[in-house]
Amino acid sequence: MLVADLMTSQLRCLKETDSLADAMAAMQELFIRHVPVVDAEGRLAGLVTQRDVLSCEYKKDGGTPLREVMRTDVATVSPDTLLRTAAETMIFNKYGCLPVVSDGELVGIITETDFLKLAIFPIAPKRGG
């Protein structure tokens with residue numbers, strides 16, 4: 001199986017100019033813990049995690065732009081990366097997610113929750129292949 005088989009492609013992204021409060025609101029509204037941050041051209045610029053938001057909660061104003069608090073050293077995978085490779089990367093580096101990038105464009109995200117769902121609700125093999 002490949003990352004493309006499991007990744008979430010319906011993304012909620014924020015811009016570098018959006019605020020910490022915007023990230024908190026998106027996470028609460030959508031029950032997510034990771035929000036990709038894109039630049040003006042729509043390319044992945046960074047990532048804001050629930051842990052980042054919580055650590056900034058009392059140190060930064062809610063209006064602080066995400067470019068000041070986002071992680072920029074973000075590991076990524078491509079849609080054709082083997083799931084095992086993505087899982088190993090996440091486990092060995094203690095990552096909660098990996099943005100999925102194809103030709104420089106953000107096309108999805110794969111999270112710990114996606115792997116948990118796979119363990120509980122395996123994907124049925126495709127018929128008529």
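Values as computed for the structure displayed
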| item | result |
| --- | --- |
| Sparse-neighbourhood loop sites, chymotrypsin sites (Phe, Trp or Tyr not before Pro) in the stretch 3-107 - DSSP loop, at most 11 other Cβ within 10 angstrom | 31, 58 |
| Cβ-derived FRET efficiency at R0 22 Å, residue 8 paired with residue 43, nearest 0.05 | 0.75 |
| Set of the stretch 4-45 residues, backbone N closer than 13 Å to the point 7 Å along the Cα-Cβ line of residue 64 | 19-24 |
| Angle in degrees between helix 20-30 and the longest Cα principal axis of the chain, rounded to the nearest 10 | 40 |
| Residue range of the chain that is longest and free of GluC sites (Glu not before Pro) which are both DSSP loop and sparsely packed (at most 14 other C-beta within 10 Å) | 58-129 |
| Label-point gap, in nm, between residue 92 and residue 115 - each point 7 angstrom along Cα→Cβ | 1.2 |
| Dimensionless Rg ratio for the stretch 7-50, taking C-alpha atoms and the 2.2 N^0.38 Å reference | 1.06 |
| Residue-averaged 222 nm ellipticity for the chain, from DSSP H runs of 4+ at -39500 (n - 2.57), nearest 500 | -9000 deg cm²/dmol |
| Exposure proxy ranking, count of Cβ atoms within 10 Å, fewest first, for 84, 51 | 84, 51 |
| Potential lengthening between residue 57 and residue 75 on full extension [0.36 nm per residue; Cα-Cα distance subtracted] | 4.0 nm |
| Stokes-Einstein D (µm²/s) once Rh is taken as the Kirkwood radius of the chain over alpha-carbon pairs, at 20 °C in 1.002 mPa s | 140 |
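Laboratory data are not the source of any read-out in this text; all were calculated from the coordinates shown. Computed from a prediction, not measured in an experiment: that's the story for all the values here. Neighbour counts are summed over all protein chains in view; Cβ atoms, including those assigned to glycine, are modelled from backbone coordinates with ideal geometry.
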